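A short reminder: the numbers here are calculations on the coordinates, not readings from a lab. It should be emphasised that the depicted structure is a prediction, and the values quoted were computed from it without experimental measurement. Backbone-built Cβ (ideal geometry, glycine too); neighbour counts: all protein chains shown.
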Amino acid sequence: MATSDPSTKQKTDTPSVDFVPSTDIWYTDGSVVLVAGKTAFRVHITIVATHCEIFKDMSAIPQPTAQDATETYDGCQVLRLQDSPVDLKHFLKSIYDFSYFRPGVKTKFPIVAAVLRLATKYIAPALRQRAIDLLSIAYPSLLTAWDQRASLRLVPPFENELMTYIELAVETDVRVILPALYYAASQAPLADVLDRLHQLAVAPEEQWSVCRAFVVGREKLLHAEQLCALAFLQPDFARPGCTNGSTCTNRLNDGGPKKTLPRPQAENTDPFYRWCLIEPDNVGPSLSLCNACQTTVSTSIKNGREKLWDQLPAFFGLTDWATLRARDGLDGAD
């Protein structure tokens, strides 16, 4: 496919245009000119249509005016798209250059988001799936993947990413990452999260739905966390094999945990029960329990955490994990 500097090309059938040819994507043998904002991209409609269902019938793409529908440039039909020129550039580059948006490779969020938006809009299932795969590593559906996500994620983290991810998930109807996103957001002060949720650039009814799902789900989650994390403090909690008898019982039942366990650092507002969830293997030793009770307490917290994770989607009004994975093409693995 031939490329050239579009600024040197003679414009034969359009004496004046209101767009500037892209310096990134402009094929001189291209058959159609896609315009987003003030930037134009000359591409091959057969190549684009191979990836995108919508472009198989260009007449199905609405144009701003009747005059725009018959516009041409250098013998090519011009299609004006209501997209960000930056998004369109990323999307087209992912179509033409496989290395630009490869699976299993670190990719910056703006590229992933652009591809996901336009792959959803123009029905490009392979590219949409590739984007979902990347995002689901950062916010996975498996607890084991969640625990390892800091080292596994391929989309680098950035400031205030939670709201950006939630907005993108709602906009593109990717639900499998929502439970983990809500889970992470639940660890922040409620007022701060609600302020940002009310700023989501989505339809008002979707914004209301997200806020409601989060508030209701957060309440259920925090209650369930306390139950599963602190079950070992219940008087009837079974501790088979205990070798210290009343000593371990007293340490668990006399309010000792809240006095003995390390308190959160000043900058970390996580409450006691959350510390138990994060450090289950350290709870027993911190209370000076016998070895058997240390193992029992740790196992209880870990098992409770697994049950909580299984229930996570339901807390926020979503279907179960298996259904979410199948719906968004993950097939049971993140």
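Taking the Cα centroid of the range 200-238 and of the range 110-140, what is the distance between the two, rounded to the nearest whole Å?
28 Å
Anything in the chain that counts as a DSSP H helix reaching 30 Å or more along its axis (C-alpha) with Kyte-Doolittle mean of at least -0.5? List them, would you?
On the way: long enough: 204-229 (37 Å, -0.14); 291-315 (36 Å, -0.59).
Membrane-span-like by this rule: 204-229.
Please report the equivalent ellipsoid semi-axes of the range 118-257, computed as sqrt(5 x eigenvalue) of the Cα gyration tensor, largest first, in whole Å. Intermediate results must be reported in sequence, preceding the final value.
On the way: eigenvalues 306, 73, 29 Å².
Ellipsoid half-lengths, sorted descending, are 39, 19, 12 Å.
Can you give the Rg and Dmax of the range 45-203 based on its C-alpha atoms, in angstrom?
Final numbers for Rg and Dmax: 17.9, 58 Å.
Please list 87-96, 293-302 highest first by mean number of surrounding beta-carbon atoms within 10 Å per residue. List each step's numbers first, then the result.
On the way: 87-96: 22.3, 293-302: 20.1.
Final packing ranking: 87-96, 293-302.
What's the extension gain from Glu53 to Val17 if we count 0.36 nm per residue and subtract their Cα-Cα distance?
Working: separation 36, 0.36 × 36 = 12.96 nm, distance 2.84 nm.
Length gained, Glu53 through Val17: 10.1 nm.
Between Val105 and Asp331, what FRET efficiency comes out of the Förster formula 1/(1 + (r/R0)^6) with R0 = 22 Å and r the beta carbon distance, rounded to 0.05? Show your work: numbers first, answer last.
On the way: r = 21 Å, r/R0 = 0.94.
So the FRET efficiency works out to roughly 0.60.
Only helical DSSP H runs with n ≥ 4 go in: add -39500 (n - 2.57) per run for the chain, normalise by residue count and round the 222 nm mean residue ellipticity to 500 deg cm²/dmol.
Working: 16 runs with 173 residues, N = 334.
Calculated at 222 nm, the ellipticity per residue is -15500 deg cm²/dmol.
Any idea what the relative contact order of the range 143-221 is, in percent, if you count C-alpha pairs under 8 Å spaced at least 6 apart?
Values: 30 pairs, mean separation 22.0, N = 79.
Relative contact order of the range 143-221: 28 percent.
How much net charge surrounds Leu92 when only the other residues with a Cβ under 12 Å from the Cβ of Leu92 are counted, with Lys and Arg +1 and Asp and Glu -1?
Working: positive: Arg42, Lys89, Lys93; negative: Asp24, Asp83, Asp87, Asp97.
Spelling it out: positives minus negatives among the neighbours equals -1.
Could you sort out which of Lys106/Lys220; Lys220/Lys302; Lys38/Lys93; Lys38/Lys108; Lys56/Lys106 sit more than 29 Å apart by Cα distance in this structure? Present the calculation step by step, with values, prior to reporting the outcome.
Numbers: Lys106/Lys220 35 Å; Lys220/Lys302 19 Å; Lys38/Lys93 18 Å; Lys38/Lys108 24 Å; Lys56/Lys106 31 Å.
From the list (Lys106/Lys220; Lys220/Lys302; Lys38/Lys93; Lys38/Lys108; Lys56/Lys106), the Cα-Cα distance tops 29 Å for Lys106/Lys220; Lys56/Lys106.
Which one of Cys242, Tyr165, Ala203 has its Cα pushed farthest toward the positive end of the charge dipole of the range 136-247, where Lys and Arg give +1 and Asp and Glu give -1 at the Cβ?
Cys242
Going by amide H atoms built from the backbone, whose H comes under 5 Å of the H on Val32, apart from near neighbours?
Val43, Ile45
Tell me, Kirkwood radius of the chain from alpha-carbon pair distances, in Å?
Details: mean 1/r = 0.0429 Å⁻¹.
Radius from the Kirkwood sum: 23.3 Å.
Taking N as the number of residues in the range 91-170, what is its Cα Rg relative to 2.2 N^0.38 Å? The partial results should precede the final answer.
Details: Rg = 12.4 Å, N = 80, 2.2 N^0.38 = 11.6 Å.
Relative to the rule-of-thumb radius for its length, the range 91-170 sits at 1.06.
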